1. Show me, for the range 290-304, the HN-Hα J-couplings you get by feeding each phi into the Karplus relation (A = 6.51, B = -1.76, C = 1.60, θ = phi - 60°), rounded to Hz, glycine and proline as x.
2. What percent of all Cα-Cα pairs in the range 42-175 falls into each 5 Å bin, going from 0 up to the bin containing the maximum distance?
3. Equivalent-ellipsoid semi-axes (√(5λ), Cα gyration tensor) for the range 108-184, whole Å, largest first?
4. Determine, at each q value in 0.16, 0.20, 0.23, 0.26 (inverse angstroms), the log₁₀ of I(q)/I(0) that the Debye formula gives when each Cα of the range 349-395 is one equal point scatterer.
5. Please say if the range 207-250 is rounded, prolate or oblate, where rounded means a/c under 1.5 for a ≥ b ≥ c the square roots of the C-alpha gyration tensor eigenvalues, and otherwise the choice is prolate for a/b larger than b/c and oblate otherwise?
6. Per the Cauchy relation, a quarter of the hull surface: what is the mean projected area of the convex hull of the alpha carbons in the range 363-458, in nm²?
7. Out of every Cα-Cα pair in the range 166-257, what percent are more than 22 Å apart?
Amino acid sequence: RLDGIPLALELAAARLRALSPAQLLDRLDDRFRLLTGGGRDALPRHQTLRTAIGWSHELCTPPERLLWARLTVFAGTFDLEAVEYVCSGGGLPDTEILDVLSELLAQSVIAREETAAGSRYRMLDTVRAYGAGWLEATGDAVRLRRRHRDWYLGLATWCELEWFSPRQREVAARMAVELPSLRAALEFCLTEPAEAHLGQYLAGSLWFCWVGCGRLAEGRRWLERSVALESGYERSRLKALWVLGYVAVLQGDSGPAGQTLRMCRERAERAADASALAYAEHRTGCLALVTDDLPRAETLLRSALARYAEIGELNSNVLMGRVELAMARAFQGDLPDAVRLCEDVRRVCEEHGERWARSYALYVLAYAACREGVPGRARELLTECLRNTHAFDDLLGSVLALELLALVTATEGDPAEAAVLQGAAARLWPSVGLPLFGSAHYNAPHAQCESAARGALGDARYEECVRRGGRLDREAAVSRVLGREGNRPPAAVPAPRGAARWNAVRTGGDCEAGQGR
């Protein structure tokens, strides 16, 4: 047992009598030196934290000590399959891993926990730091980190493929628990000589994690670091480039996005990389869409989709290209074509068990329903869209749904609740990027909603409702929307159809309770 840990907390408290919190924080890198000391009546083995953990280490058998040291290459939690791959060999056969792991579990060197991704193991940071010292002493640390990187490179490759499948939710859950080790693998690639190309490949392969699971800002940091390195492997760098351009587009950072995508396209043409060329053209079309150059967006997106068809590419990115083309058509007023494109996307998604791109197709269908004067249908579509994007932690998809739901809510006669939803969306946008991409077309529903709600409520009450919404975190905002769906009375007055319905708003509502019907 690691019965020195409670004493370590006692020693830390003692140090606070001599050090300020800031000084204590500065010294945490060497926790063993920091926590030297203790009461005069402490047992000799408890005089330092290192000795306390070392005493537990001495009680371990040689295979247990070896596994302890090797497990320190993992960050966060880890599962048995990863341990068997990364830690086996060199005196520790894979057939013995489970038995040795069980002994470490019995001795509280590691702990087991249940997660959405199944049973996993965790090691306390202090225990990991002690074992890492032993790993460095063996001279085997770099080899183990490379094996660790190989495992997570394989995992990312598998997850990228499985993202376009019925296991999409499983992949998202797996990413959430594996992210600490994926970060460690990326850091190894980007700091170890001759590994840059694998870092570029890994950062690019995780596009679905950065985009689909709400980590745009983090993904951009890794991607920028990776493409800054000359790896000598053009294919890996091209993938990282188009993903970086994509992330920058979604953050509304059009200048760097355009520059990156132009570089990707030029290099793809020189390398005759048909796949990278299709992706670069696709994401340049996305950039044109969010910067309101609709004719150019349509031209580029259609060309990219043709390129995808030529190389036989079909995945979530391709389906998103069709959704984006539909959005371009909708913004240009061709709602029937937009609906046709998105109904086709929905059919393909259902055939493949894909739910993420399907959510964006639902958003466009809801936009069309709203414009056509069918708010009930728009709400139904947006509720399903929000439920799915929230399940993936997709911040962009969630905030877009909330923005359009606000307009639907105002149109249905509850301007107070619409203002609350606008406030909730405003709180989320800084975690995504530039609100509504800075696009006049994407902003139109927001502006329409604000104008209607202000007109119905007055400036002071509208602002108060927006502030109330701004106090809602994402979980509370989504729960507020989904919770209302089971308690909605029927609309009192049938709505007119067509463009006039887009402007029709009834007064009433209460920003506190959101019950204005």
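Coordinate-derived values only; no laboratory data. Source: prediction; values computed, not measured.
1. My calculation for the range 290-304 gives 7, 9, 6, 9, 5, x, 5, 4, 5, 4, 5, 5, 5, 5, 5 Hz in order.
2. Taking all Cα pairs of the range 42-175, the binned fractions are 2, 10, 18, 21, 19, 12, 9, 5, 2, 1, 1, 0 percent.
3. Numbers: eigenvalues 150, 59, 11 Å².
Each semi-axis is the square root of five times an eigenvalue, giving 27, 17, 7 Å.
4. Each listed q maps to, in turn, -0.41, -0.61, -0.76, -0.88.
5. Judged from the Cα gyration tensor, the range 207-250 comes out prolate (a/c at least 1.5, a/b above b/c).
6. Over all viewing directions, the range 363-458 projects a mean Cα-hull area of 5.6 nm².
7. On the way: 1054 of 4186 pairs.
I get 25 percent for the Cα pairs in the range 166-257 exceeding 22 Å.
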